[in-house]
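Please read the structure below before turning to the comments.
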Amino acid sequence: MKKTRICELLGIEYPIFQGGMAWVATGELAAAVSEAGALGIIGSGQAPADWLRREISKVKATTQKPFGVNVMLMSPFVDEVMQVILEEQVPVITTGAGNPGKYVPGLKEIGTKVIPVVASVALAKRLEKVGVDALIAEGMESGGHIGEISTMPLIPQVVDAVKIPVIAAGGIVDGRGLVAALALGAEGVQMGTRFMCAEECMISPLVKDKIIKAKDRSTVITGRSTGHPVRCIDNHFTREFEQHEKEGMDAAELERMGQGRLRLAMVDGDLENGSLMAGQIAGAVKKIEPAAQIVQDVMQSAEREYCRLTAFFGKR
Ligand code: TUI
């Protein structure tokens, strides 16, 4: 199988990223995914520097292969997190929830590959000019903090607007998604929700079970009125939040209501009061399995789908 530009750029075997999910993507998960030949990514979320340093050391102790750290740009610890990334010479960073432009020169100086998440063509173009190495274009099918455009229209528009490699995210769970993403012009995929159900993922087993039981319509978007829309599995918390939004509660108070809810779900397993961030594809996640098996299954099912398409179009 030929490698895409993203495999060559990062030195990975398969064009698959594991989403850097806050409170979900710890060193254990990232190490397992990287060791399997894809790109494991630690989700630093709103964690402080010493937490990140510990997770990085777990990955380095388990695998020699490249790994990444996701930097959530709305974090109060963003500057100290960037400092740890520089000190630890992390090979790849992805960013979310903002514009990482001002950090790019410093990271490039030490050879860290910078791959921001974008949800629009405008930001994609701006970041290519700043000199980022690749982009993750994330559709609103994704879990957590999202943009407004779906994966299907977002990917080809971003691909046409930039020359650097584009990774597709949002609504991807298997080889069909990988082949579809490649067909749209992307050079790889990022998956979050499926990796939440990896054996090495340290979240509460209750959350994994909730994802496995989810159906196509199980997720909802809350927070549009705050300017920070978030997709999660429908529960008591989302219904309460929606009610307050309808009644016109102000954005600052709504944001306060959301604080600590992601940890409450993922770590404490509170399925009703926590924020069960997950993508629309949750309905298609069927089982808990090792991360390496997920990577292998995506690659093998992609090959099968490709053969099916070849048969459909006829061999040349
Ligand atoms: O970042 C994510 N998903 C996330 S972050 C998160 S943790 C969180 N905690 C508290 C409040 C909110 C979130 C949970 N899920 N995905 C990447 C992503 N980035 N999706 C959309 C964007 C994005 C949105 C707007 C990137 C840039 C942007 O505009 C920046 C600009 O300056 O134009």
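Rolled with a 1.4 Å probe across the full set of protein chains, the surface gives R53 an accessible area near 90 Å². Here, the range 178-316 is characterised by an Rg to Rh ratio of 1.08, where Rg is the alpha-carbon radius of gyration and Rh the Kirkwood radius.
If you stretched the chain out fully between V220 and S57, how much longer would it get, using 0.36 nm times the residue separation minus the C-alpha to C-alpha distance? Intermediate values should be presented prior to the final figure.
Values: separation 163, 0.36 × 163 = 58.68 nm, distance 3.60 nm.
Contour length minus Cα-Cα distance gives 55.1 nm.
Sketch the reach of a paramagnetic label on H228 as a point 7 Å from Cα along Cα-to-Cβ, and name the residues of the range 60-100 whose backbone nitrogen lies under 20 Å away. Under cut-off, by backbone N: 70-82, 94-100. Over the range 134-253, Cα pairs under 8 Å with separation of 6+ residues give a relative contact order of 21 percent.
Which of rounded, prolate or oblate describes the range 161-245 when judged by the alpha-carbon gyration tensor and an a/c cut-off of 1.5? Show your work: numbers first, answer last.
Values: a/c = 2.52, a/b = 1.41, b/c = 1.79.
The shape class here is oblate.
To the nearest 20 debye, what is the magnitude of the charge dipole of the range 39-113 about its Cα centre, counting +1 on the Cβ of each Lys and Arg and -1 on the Cβ of each Asp and Glu?
Numbers: 8 positive and 7 negative charges, 57 e Å.
I would put it at about 280 debye.
Counting only lysines at least 8 places from K113 when in the same chain, those with an alpha carbon closer than 26 Å to its own are K2, K3, K58, K60, K65, K102, K125, K129, K163. Averaging 1/r across all pairs of distinct Cα atoms in the range 211-250 and inverting the result yields a Kirkwood radius of 10.7 Å.
Under 5 Å from the amide H of V69 lie the amide H atoms of I42, V92, I93, T94, each residue being 5 or more positions distant or on a separate chain, with H modelled from the backbone and absent for Pro and chain starts. Residues in the range 276-300, backbone N under 12 Å from the label point at E13 (7 Å along the Cα-to-beta-carbon vector): list them, ranges by number please. From the range 276-300, the list is 292-293, 295-297, 299-300. Dividing the Cα radius of gyration of the chain by 2.2 N^0.38 Å, with N the residue count, gives 0.94. Looking at the range 1-117, the accessible area is 40 square angstrom per residue; that uses a 1.4 Å probe and ignores ligands, DNA and RNA. Averaging the sequence gap over all C-alpha pairs within less than 8 Å and six or more residues apart, then dividing by the number of residues, gives the chain a relative contact order of 17 percent. Taken over the alpha carbons of the range 26-128 as equal point scatterers, the Debye sum produces base-10 log I(q)/I(0) values at 0.12, 0.20, 0.23 Å⁻¹ of -0.36, -0.98, -1.24.
Students sometimes get this wrong: rank W51, W23 by accessible area, probe 1.4 Å, all chains present, largest first.
Values: W51 55, W23 125 Å².
Output order, biggest surface exposure first: W23, W51.
With a 1.4 Å probe and all protein chains left in place, how much of the accessible area of the range 111-173 comes from carbon and sulfur atoms, in whole percent? Carbon with sulfur: 55 percent of the solvent-accessible area. Tell me, how many Å apart are the Cα centres for the range 249-316 and for the range 62-90? About 23 Å separates the Cα centre of the range 249-316 from the one of the range 62-90. Taking all protein chains into account, the per residue accessible area for the range 212-316 stands at 59 Å² (1.4 Å probe).
The values are calculated or read from the model by the stated rules, or taken from the named source; none is laboratory data. Remember, it's a predicted structure, so these values are computed and weren't measured experimentally. Reconstructed Cβ throughout: ideal geometry from the backbone, glycine too, with neighbour counts over all protein chains shown. In case anyone asks, the SASA skips ligands and DNA or RNA and just uses the protein heavy atoms, side chains included. Shrake-Rupley method; radii C 1.70, N 1.55, O 1.52, S 1.80 Å.
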